[in-house]
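Heads up, the thing below is written out as structure tokens.
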Amino acid sequence: MLDDDALRQILTTCPTVAVLGLNDDPSKAAYYVPAYLHEQGYRVIGVNPKLAGQRFFGEVVRSTLAEIGEPIDLVDVFRR
């Protein structure tokens with residue numbers, strides 16, 4: 001397990017985050033966690049085939065990670 005300093009280092013050097021499993025329900029962590037990241041200045045790109053084409057946090061949601069087509073610094077995974 002990473003300590004706080006290691007986590008801080010990762011988060012301060014990863015400005016673009018792909019969120020696999022983004023949810024459109026504000027009561028779900030897969031929505032409010034990326035919303036918080038966006039509010040803190042991160043670029044958040046959602047990945048969810050059910051929401052593909054919709055816009056969240058200023059970005060179009062993709063169906064798959066491969067569709068992003070540009071470098072991603074961090075992937076945040078939400079699953080059932």
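Any idea what diffusion coefficient the chain gets from Stokes-Einstein, in µm²/s, Kirkwood Rh on alpha carbon pairs, 10 °C, 1.306 mPa s?
124
Can you send over the carbon and sulfur percentage of the accessible area for the chain, probe radius 1.4 Å, protein chains only?
Here carbon and sulfur together make up 53 percent of the probe-accessible area.
With each pseudo-label sitting 7 Å past Cα toward Cβ, what's the residue 54-residue 66 distance in nm, one decimal?
Calculated label separation equals 2.4 nm.
Rounding to the nearest 20 debye, state how big the charge dipole of the chain is about its Cα centre with +1 on each Lys and Arg Cβ and -1 on each Asp and Glu Cβ.
I would put it at about 360 debye.
Measuring with a 1.4 Å probe in the full set of protein chains, what accessible area per residue, in whole Å², belongs to the chain?
66
With every protein chain in place, what's the accessible area of residue 43 (1.4 Å probe, Å², nearest 10)?
80
Determine the relative contact order of the chain: mean sequence separation of Cα pairs under 8 Å and six or more apart, normalised by residue count, in whole percent.
For the chain, the relative contact order is 34 percent.
In degrees from 0 to 90, rounded to the nearest 10, what is the angle of the helix 29-39 Cα long axis to the longest principal axis of the chain?
70
The values are calculated or read from the model by the stated rules, or taken from the named source; none is laboratory data. Not measured: the values here are computed from a predicted model. Note: ideal-geometry Cβ built from the backbone for every residue, glycine included; neighbour counts use all protein chains shown. Ligands, DNA and RNA are stripped out before the accessible areas are found, and what is left, the full protein with its side chains, is counted by its heavy atoms. Shrake-Rupley method; radii C 1.70, N 1.55, O 1.52, S 1.80 Å.
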